[in-house]
Amino acid sequence: MIVERETWDLVNAIEDLLEEAEGAEEEIKPELHESVLEIATKPCQDTREAGAELRGLRRRVAEIAGRRDLAIGSAGTHPFALWEDQRISGRPRYRDLINALRFVARQEVIFGLHVHIGMDDADKAIHVANGMRVHVPLLLALSANSPFWRGQATGLASTRMPIFRQFPRVGMPPAYRDWKDFDERIGAMVEAKTVEDYTYLWYDVRPHPNFGTVEIRGMDAQTRVEHTLGLAALIQAMVKELAEHFEAGEQLADYPYEMLDENRWIAARHGLEGELVDLPSFERVPTKALARRVYDRLAEHAQDLGSAAELEGIVDLLEGGNGAARQKVVYQANYDLNEVVREIAAATVPE
């Protein structure tokens, strides 16, 4: 979020900031709205390297914004901004998107976290993408960081999720038999001219052939960089487990789509304070207990990947609350959403 320091409202200033970020076009980018700034790390060998780059990028964009008396803040939504006040970026892709989706796209002033994990085999990538569907609700519960929208407490931990749900081709993805099945089904959509290419599928998990990755997209943007890295480390460990599952010739369980999608809703509504349906037992369990169990199971994978230190960000989320819970603590002190945004901006830039 690009915000003005005095009012803490969103500011349509991406073009001004990009002028001062010359030479970093691959890492600092525009998005659909001019009040949104995207930063992206280069491909990294491990989460330690990703963390160093991410901290540097956050500091750099904060410094650039500060020269214009602006600030950068990271959360799933801006607590009180109005989408009607946000300008659309002057890029052909985004203008075409508005032309195609109209009101649905125009109101999407939301902020997400995307994590790419490199894969070495196309069929393995499909297996991993299918397997990651069961993890999406837990990742959303951990990352939920958008309890306010248009100046109102929504009662949701992640308001970003149902707002984005209005887009076509979003949410819990379909399962594919293998790479050939994925290629043929998406190819049919392209041939029918319903989408230009597979990047117009905005599911919570998708294979990304151009990058050679599986991309996990279902999370709110994180205010604290250690939480971003904790989620990245957890996802990397999940993918490692699923890749080894594929290499061993194992088959994934076939869970009902309806239950996967229902868990996703429960996570958006309650965050870490609710109960998810544990699969395959179909018993409701406290979300925090499920998260702790997954953390314990995957800790060895993270150790093998050199990500154990970054994985501790998950412990901080479980013990100190996710972003939504922390925003509500700030708000309840003085019922002041300006104070919430000021706190978000302060915590976004690492010391």
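The values are calculated or read from the model by the stated rules, or taken from the named source; none is laboratory data. Being a predicted model, the structure only gives us computed values, none of them experimental. Every residue, glycine as well, gets a Cβ built from its backbone with ideal geometry; the counts of neighbours run over all protein chains shown. The area values use the complete protein model at the heavy-atom level, side chains included, leaving out ligands, DNA and RNA. Shrake-Rupley method; radii C 1.70, N 1.55, O 1.52, S 1.80 Å.
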Query raised in the report: By a straight-distance test (C-alpha under 22 Å), which lysines pair with LYS180 as possible cross-link partners, with residues fewer than eight away in the same chain excluded?
Result: LYS124, LYS193
Query raised in the report: If one puts a single equal scatterer on every Cα of segment 131-210 and applies the Debye formula without solvent, what log₁₀ I(q)/I(0) results at q = 0.20 Å⁻¹?
Result: -0.95
Query raised in the report: Between Rg and the Kirkwood Rh of segment 241-315, both from Cα atoms, what is the Rg to Rh ratio?
Result: 1.01
**Report entry** segment 165-202-segment 208-257 distance, computed between alpha-carbon centres (Å)
**Finding:** 19
Query raised in the report: Say we join alpha carbon atoms closer than 10 Å with springs in a Gaussian network model of the chain; which of GLY274, GLY218, GLY230 then has the biggest fluctuation?
Result: GLY274
Report task. Give the cross-link partners of LYS29 among the lysines, using a straight C-alpha distance below 25 Å as the criterion and excluding same-chain residues fewer than 8 apart. Result -> LYS42
Query raised in the report: When ligands, DNA and RNA are left out and all protein chains stay put, how many square angstrom of accessible area per residue does the chain have with a 1.4 Å probe?
Result: 45
Query raised in the report: Mind checking the alpha-carbon convex hull of the chain and giving the volume per residue in Å³?
Result: 132
Query raised in the report: Mind listing the Cα extents of segment 1-120 along all three principal axes, in Å, largest one first?
Result: 41, 37, 27
Requested in this report: On each of the three principal axes of the Cα atoms of segment 70-149, give max minus min coordinate, whole Å, ordered largest first.
Outcome: 43, 31, 24
Report task. Among the lysines, select those whose C-alpha is under 27 Å from the C-alpha of LYS288, and discard any that sit fewer than 8 residues away in the same chain. Result -> LYS240, LYS328
**Report entry** Cα-based equivalent ellipsoid of segment 212-351: semi-axis lengths in Å, sorted from largest, via gyration tensor
**Finding:** 29, 20, 13
Query raised in the report: Taking only DSSP H segments of four or more residues, each worth -39500 (n - 2.57), what value at 222 nm results for the chain once the sum is divided by all its residues, to the nearest 500 deg cm²/dmol?
Result: -15000 deg cm²/dmol
Requested in this report: Please figure out what share of the DSSP beta bridges in the chain is antiparallel and state it in percent, rounded to the nearest 5.
Outcome: 90
**Report entry** Over segment 296-344, volume per residue of the alpha carbon convex hull, in Å³
**Finding:** 76
**Report entry** the chain: relative contact order as a whole-number percent, Cα under 8 Å and 6+ apart
**Finding:** 23
Query raised in the report: How large, in percent, is the carbon and sulfur part of the accessible surface of segment 2-160 at a probe radius of 1.4 Å?
Result: 45
Report summary line: Most fluctuating of GLN86, GLN45, GLN327 in the GNM of the chain (C-alpha, under 10 Å) is GLN45
Report summary line: A student applying the Cα gyration tensor rule (rounded when a/c is under 1.5; otherwise prolate if a/b is larger than b/c, oblate if not) would label segment 1-66 prolate
Query raised in the report: So if R0 is 41 Å, what FRET efficiency would HIS245 and GLN332 give, r being the distance between their Cβ atoms, rounded to the nearest 0.05?
Result: 0.40
Report summary line: What the 5 Å binned alpha carbon P(r) of segment 198-257 shows, as percent of pairs per bin from 0, is 4, 14, 18, 23, 23, 13, 4, 1
